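Trainee: My questions will all concern the structure given below.
The numbers here are math on the coordinates, done by the rules we state, and not lab data. Since the structure is predicted, the reported quantities are computational estimates derived from the model, not experimental observations. In this analysis, Cβ positions are derived from the backbone assuming ideal geometry, glycine residues included, and neighbour counts consider all displayed protein chains.
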Amino acid sequence: MKVKKKILFAVVGLGHIGKRHMEMIKNNNDAKLVACCDILSQQELGISELPAPHYFEFSEMLEHHPEVDVVNICVPNGLHAPMTLMALEKGFHVVCEKPLALSRADAEKMVFKSLEVSRDVFVVKQNRYSPPAIWLKDILRQNLLGKIFIVQMNCYWNRDNRYYTPGSWRGTHDKDGGTLFTQFSHFIDLMYWFFGDISNIQGNFKDFNHAKLTDFEDSGIVTFDFVNGGVGSLNYSTAVFNKNLESSITIIGEKGTVKVSGQYMNEVVYCDIQNYEMPELLPSNPPFDYGPYKGSAQNHHHVIANVVDKLQNKATIATNVLEGLKVVDIIERIYQVRNGKLIKKRLIEKEFHINANGNSNLRKIN
């Protein structure tokens, strides 16, 4: 019997998520970590012992380890695209943390490069592995709800000055990208996975608590149509006091109504479907615990297992690069509505000042 080759990994970015990737690789018997990279030292990272050689330069790590199969990109959002492209160019497969990129244009470059060099890009969307998400996908695939009428997704979390520390990449336009990219792209991915693309996007965006913390809004109410039928809304905020409140989805359909809620969309709280008995689901994994704040469910072991299975057995990628691109595209189109409203507001302000006081006040508005 032929022994399966271990899949060799390298991880770049050794913050909370990068450490989690290293742990999951270590815990997978068919995987091995052979190199890691971060601009910070081991002491600065708070790691007592690194399980693989540590590099400060990404290009140096790639050059010294041609034997690596997969490079895991766990750096700030704005670096996902350039580092993924560099790894693909060198002939490595890539696991890219969410979001795939901060623009559709950059995401398309990643898609084209992966096709050009015949290498896979695995996009981390670990919420797809939660038992309620798997259950929802299954009942929708079976069309048990019939026509979808209304979908409401609520994402109400806390991110305050405990999270947005001075000098950090978090909260910046170029490295973070915005609330929908960093906090809630997993939930937009689930919405896309369940119902497909959206159109006719409208939105209202506010910055209640983060004017001195971030470059962007902390809250929004977005409405849209689903291309496949039905209407939807996304209500989100990181201005919730002290701790996360909920992440939930309510689906109203022709033959039933369901709601999945909890702080991390981790429990089915309502199920009323014609001629259907709700099964008992496996418990959801707990969220990432970063001390003062919490993140999405701890499902990265499924991500690493999928990479190993795909490269060993030619299995299917759980979330491929095109799906990652689509989530970026949806967020970008939502933010185009936000930016358009800001531009329109400024034009109205300018017009008001011109009419009231003359052209001299234009300088104060710009």
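Trainee: Of all the stretches in the chain, which is the longest one without any exposed loop site, taking GluC sites (Glu not before Pro) in a DSSP loop (any state but H, G, I, E, B) with at most 16 other Cβ atoms within 10 Å?
Mentor: The longest such stretch corresponds to 68-253.
Trainee: With a point put 7 Å past each Cα toward its Cβ, work out how far Gln142 is from Glu44 in nm, to one decimal.
Mentor: In this crude label model, Gln142 to Glu44 measures out at 5.3 nm.
Trainee: Taking 30 Å as R0, compute the FRET efficiency from the Cβ-Cβ separation of Asn27 and Val231 and round it to 0.05.
Mentor: 0.10
Trainee: When the Debye formula is applied to the Cα atoms of the stretch 127-284, each taken as the same point scatterer, what base-10 log of I(q)/I(0) results at q = 0.10 Å⁻¹?
Mentor: The Cα Debye sum returns log10 ratios of -0.39.
Trainee: Phe112 to Glu246: FRET efficiency via 1/(1 + (r/R0)^6), r the Cβ-Cβ distance, R0 30 Å, to the nearest 0.05?
Mentor: With R0 = 30 Å, the Cβ-Cβ based efficiency is 0.20.
Trainee: State the number of lysine pairs found in the stretch 35-170 whose Cα atoms come within less than 25 Å, restricting to pairs 8 or more positions apart or on distinct chains.
Mentor: 12
Trainee: Right, another one. Given the rule -39500 (n - 2.57) for each run of at least 4 DSSP H residues, summed and divided by the residues of the chain, what is its mean residue ellipticity at 222 nm, to the nearest 500 deg cm²/dmol?
Mentor: -11000 deg cm²/dmol
Trainee: Have a look at Gly78, Thr179, Phe112 and report the one farthest towards the positive end of the charge dipole of the chain, computed about the Cα centre with Cβ charges (Lys/Arg +1, Asp/Glu -1).
Mentor: Thr179
Trainee: Could I ask something else about it? When ranked by the protection proxy of mean other Cβ atoms within 10 Å per residue, highest first, what sequence do the peptides 119-126, 25-32, 302-309 form?
Mentor: 119-126, 302-309, 25-32
Trainee: With r defined as the distance between the Cβ atoms of Ala211 and Tyr270 and R0 fixed at 35 Å, what FRET efficiency is calculated, to the nearest 0.05?
Mentor: Computed FRET efficiency for Ala211 and Tyr270 comes out at 0.40.
Trainee: Let me ask something additional. Which Cα, out of Ala35, Gly340, Val94, lies furthest along the positive dipole direction of the chain (beta carbon charges, K/R +1, D/E -1)?
Mentor: Checked the options; the winner is Gly340.
Trainee: On average over all directions, what projected area in square nanometres does the stretch 74-144 have, based on the convex hull of its Cα atoms? Display every interim value, and only then the final one.
Mentor: On the way: hull surface 23.5 nm².
With every direction weighted equally, the projected area is 5.9 nm².
Trainee: For the chain, what are Rg and Dmax over the alpha carbons, in angstrom?
Mentor: Considering the chain through its Cα atoms, Rg and Dmax are 21.9, 85 Å.
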